[in-house]
Structures are given as structure tokens and as C-alpha cells.
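Undergrad: Structure provided below as C-alpha cells; questions to follow.
Read-outs throughout are calculated quantities, based only on the coordinates presented, and are distinct from any laboratory measurement. The model shown is predicted, which means the values in this text are computed figures rather than measured ones. Cβ coordinates were reconstructed from backbone atoms using ideal geometry, including for glycine residues, and neighbour counts include every protein chain displayed.
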């Protein structure tokens, strides 16, 4: 069995994909951006970007089935972990979780590759 290698030092990039419920109106889908805006003031967040799935060409490796994606950069795993327990984050999740039926998270430690 192959051992999965992980890292625990360095900046963390937090990727989150959201699949919103199909019965939401266009206005509710557009209003979901309030969730992301609510997260911006959290002190652990270094950068925060979000957007709708891009209409890129279909390829076997592409998954554009999600509605929105969010990327947040943290200075460290400790900041990432503190963010998860931050009241503003928890309150936003509680308020907006009724809008999604699936969420997928990928976290990486950012590596610098020099050429």
C-alpha cells in the first residue's frame, strides 16, 4: 500500500467547491456570494477568491459540475485550523448551508518550485 505524503509547514491553500440545490432561484444563487463576503473579515484569511464554475471545454479531467468555488490562503495550518473554529465562519456556514447539497474541500501546503 502506498503511503500518502502530506505537509504541515507553510502557507495553506484551501479549495472548496459548492453544489447548490437545483431548486434555488437565480436570485438565491447570486445571493450566495454573501456567504463568501461574510468570510473575508476573518483575521486568519490572507487571500479569498470565489466564483462560478467556468464554461471551459469538456475534457475527461475537467469537472465543472459545481456551482461556486472558493479559494482561501492561510499563512499556516494553525491559521487554517483556527479559521475552522472561528465564530464568523461557523455562523456563515449555519446560515448558508441550507443552500447546498454537496461540498468538497481540498487543502494543500503551497510549494515554491524554482526553475
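Every residue, every condition in (1) more than 15 Å from the chain's Cα centre (by Cα); (2) over 25 Å from residue 7 (Cα atoms); (3) part of a helix (DSSP H, G or I), yes or no:
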| site | (1), (2), (3) |
| --- | --- |
| 34 | no, yes, yes |
| 37 | no, yes, yes |
| 55 | yes, yes, no |
| 70 | no, no, no |
| 82 | yes, no, yes |
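Undergrad: Okay, moving on. Scan the stretch 33-45 residue by residue and report those that are without any contact (Cβ under 8 Å) to a residue 40 or more places away in the chain and in contact with a helix residue (DSSP H, G or I) (Cβ under 8 Å, 6 or more places away or on another chain).
TA: 45
Undergrad: Which residues, taken from the stretch 1-32, are farther than 18 Å from residue 84 by Cα, out of contact with any helix residue (DSSP H, G or I) (no Cβ under 7 Å at 6 or more places or on another chain) and assigned to a strand (DSSP E or B)?
TA: 19
Undergrad: Cβ contacts < 6 Å: first residue over 13 Å from residue 110 (Cβ atoms), restricted to the stretch 1-19; second residue in a loop (DSSP other than H, G, I, E, B), any location; separation 6+ or different chain. Result?
TA: Final answer for the pair search is 17/66; 18/67; 19/66; 19/67.
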